[in-house]
Each structure stands twice: as C-alpha cells, then as structure tokens.
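**Q** Here it is, the structure in full.
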Amino acid sequence: MTLKDKLLAQRIYLLLGGLFITSLVVSNLIFQKFFYWYPFDIEVFGSKLFEISVGILPYPITFLITDLISEIYGKKRANDVVVVGIFASLFSLLIIYTGANVPATSWSYVDDALFRKVFGNSAIAVFASMLTYLFAQFVDIQIYHFWKRLTKGKHLWLRNNFSTWFSQFVDTFTIVFLLCSFGIIDWANFKGLLVSGFLFKVFVAILDTPLLYLGVYFFRKRFSLKVNEEINLL
C-alpha cells in the first residue's frame, strides 16, 4: 500500500471513529423521549409494541461501524474505537454535570429546573449505557471475528447479523433492566420495552447488511484488498 493510500485509510478510520462516538454520545443525551414507530396498534406484555426511546435511533449505527472497522482494519482497531467511546461518554457526563451546577441567569431561555429535567437523568443513562455498551460492543467484536475466522472471511452477512443480534439482545436487556432499577422507567414497561427494543435493533441490523457490503466493497476496490485481508495503519 502506498503512503497516499495509507493516509487516506487513516482519515477514513478517523471519520468512522467520529461517527461512532457522536452516535454513542447523542443516544445518551436524547434517551428520555419515547415514540411509537409502528403503524399498527399491537400490544405485547401490556405495552404497545415498538414504543421505544429516540436514543435507540443512532445506537445501531455504532454496531455497523464497529463491524465495518473489524472487517477492514481488524479487531484491535475496533476495540480502540470502543475504548475511546467510553472516554467520550465520561467526558460528556462531566460537561453535563458542570452545566447543571452553574446557576442560570434570570433571563436564560433554559432555566435550572428545565435543564435538570431534560439532562438530570443523563448521568444515570450514561452510567447504565457505558456498562451495557462496553460489554455488548466487545461481545459483538468477539463474535464477529469468531465467525470471520470460521468462514475464512466469507459469508459477510452471517457474521454481521449473528454478532449484532446477540450483542444487541445483551445490550437491550441490560440497559432496560438498569433503567428500571434506577426508577427512570416503570417495571411494568420492562418486557414491552425489551421486546420492542430488541426487534427494532434486529430490523435495523438486517437493513444495514447491504450498507456493510457496500462499505466493504468500496474499501476492497479502493485499496485492492483480498478477501479476509485487513489494512494495517502502522
């Protein structure tokens, strides 16, 4: 690989890392709003099916990005992005805490009470999300590379979906369990939110498979990569 190609690969890696971190941090900030995304009136376990938090919208993007980085840049680079995402979450938590504790002016459009109402639970959300995110992302990467080794780099759809489905169930179960435990969500909604959140993530994982194929095709064509070959940024 030429120096020019290596520099381009590094820039793309930074871009993917930036999208990953942005998606993660934003999902932690907007999680308190819930919406109903399915046109039919279906109930499961006493709750409407597909009543989910808007925070779940950017979250599947993180798994698409880690799968793409795993495929092209390797396991270590995917793990590096996950670790940086944890530090970004902690830093965002520090900013929120600081913002909540400095007094608002009398003419401020957003006063202290409104700020705490919107962002007051973000500390708990970030904490809960970090625990689940750390575990689920590493599970996703481990399973992804297990299937990659087993299939010798073939059947991309298999490792993309199998790794994502399992890790997303772990993520959904743990985050809903913790939010119910902290009193942010009523336990009566636990089963409904678990099913809704997991099915939504499975649906998105199926939809993002063509995007992963497209991304892998672009990288292999642009950098002349063979099947199962990875880019070494060192």
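**Q** Under 7 Å between Cβ atoms, at least 6 apart or on separate chains: pull out the pairs that start in the range 1-12 with a residue that is of a type in the set (A, V, I, L, M) and end on any residue that is open to solvent by less than 80 Å² (accessible area, probe 1.4 Å) and at pLDDT below 90.
**A** Filtered contacts from the range 1-12: A9/L233.
**Q** Please go through (1) in a helix (DSSP H, G or I); (2) without any contact (Cβ under 8 Å) to a residue 40 or more places away in the chain; (3) not aliphatic (A, V, I, L, M) for F200 and return the number of the only condition it doesn't satisfy.
**A** (2)
**Q** Those residues that are in a helix (DSSP H, G or I) and of a type in the set (A, V, I, L, M), I need them from the range 1-18; list them, please.
**A** Within the range 1-18, L3, L7, L8, A9, I12, L14, L15, L16 meet the criteria.
**Q** With respect to V176, determine if the residue is in a helix (DSSP H, G or I) and closer than 17 Å to K33 by Cα.
**A** Answer is yes for this residue.
**Q** Check I72, I86, I42 and return the single one that is modelled with pLDDT of 90 or more and in contact with a Phe, Trp or Tyr (Cβ under 8 Å, 6 or more places away or on another chain).
**A** I72
**Q** Among residues belonging to the range 101-120 that are part of a loop (DSSP other than H, G, I, E, B) and either of a type in the set (A, V, I, L, M, F, W, C) or modelled with pLDDT under 90 (or both), point out the one that is nearest to Y59 (Cα to Cα).
**A** Checked the range 101-120; the qualifying residue nearest to Y59 (Cα to Cα) is G120.
**Q** Taking into account only those residues within the range 214-227 that are open to solvent by less than 100 Å² (accessible area, probe 1.4 Å) and assigned to a loop (DSSP other than H, G, I, E, B), which is farthest from L64 (Cα to Cα)?
**A** S224
**Q** Continuing with this model, one more query. Being open to solvent by 60 Å² or more (accessible area, probe 1.4 Å) and among the hydrophobic types (A, V, I, L, M, F, W, C) narrows it down to one of L179, L194, L211, so name that one.
**A** None of the others qualify; the one that does is L211.
**Q** If the requirement is being in contact with a Ser or Thr (Cβ under 8 Å, 6 or more places away or on another chain) and hydroxyl-bearing (S, T, Y), which of these qualifies: Y144, Y217?
**A** Y144
**Q** Follow-up question, since we're still on this one. Test of understanding: among K148, K152, which residue is open to solvent by less than 50 Å² (accessible area, probe 1.4 Å) and in contact (Cβ under 8 Å) with a residue 60 or more places away in the chain?
**A** Sole residue among the options that is open to solvent by less than 50 Å² (accessible area, probe 1.4 Å) and in contact (Cβ under 8 Å) with a residue 60 or more places away in the chain: K148.
**Q** Give I206, I231, I184, I175 a once-over and let me know the one that is over 20 Å from the mean Cα position of the chain (by Cα), closer than 27 Å to L49 by Cα and among the aliphatic types (A, V, I, L, M).
**A** Step by step, each of I206, I231, I184, I175 is checked, and only I184 is over 20 Å from the mean Cα position of the chain (by Cα), closer than 27 Å to L49 by Cα and among the aliphatic types (A, V, I, L, M).
**Q** Looking only at the range 121-141, decide whether some residue is buried (at least 16 other Cβ atoms within 10 Å of the Cβ) and assigned to a loop (DSSP other than H, G, I, E, B).
**A** yes
**Q** Which numbered condition trips up E230, out of (1) modelled with pLDDT under 80; (2) among the acidic types (D, E); (3) not in a helix (DSSP H, G or I)?
**A** Status for E230: all satisfied but (1).
The values are calculated or read from the model by the stated rules, or taken from the named source; none is laboratory data. This is a predicted model, so every value here is computed, not measured. Note: ideal-geometry Cβ built from the backbone for every residue, glycine included; neighbour counts use all protein chains shown. What goes into the accessible areas is simple: the full protein's heavy atoms, side chains included, and nothing from ligands, DNA or RNA. Shrake-Rupley method; radii C 1.70, N 1.55, O 1.52, S 1.80 Å.
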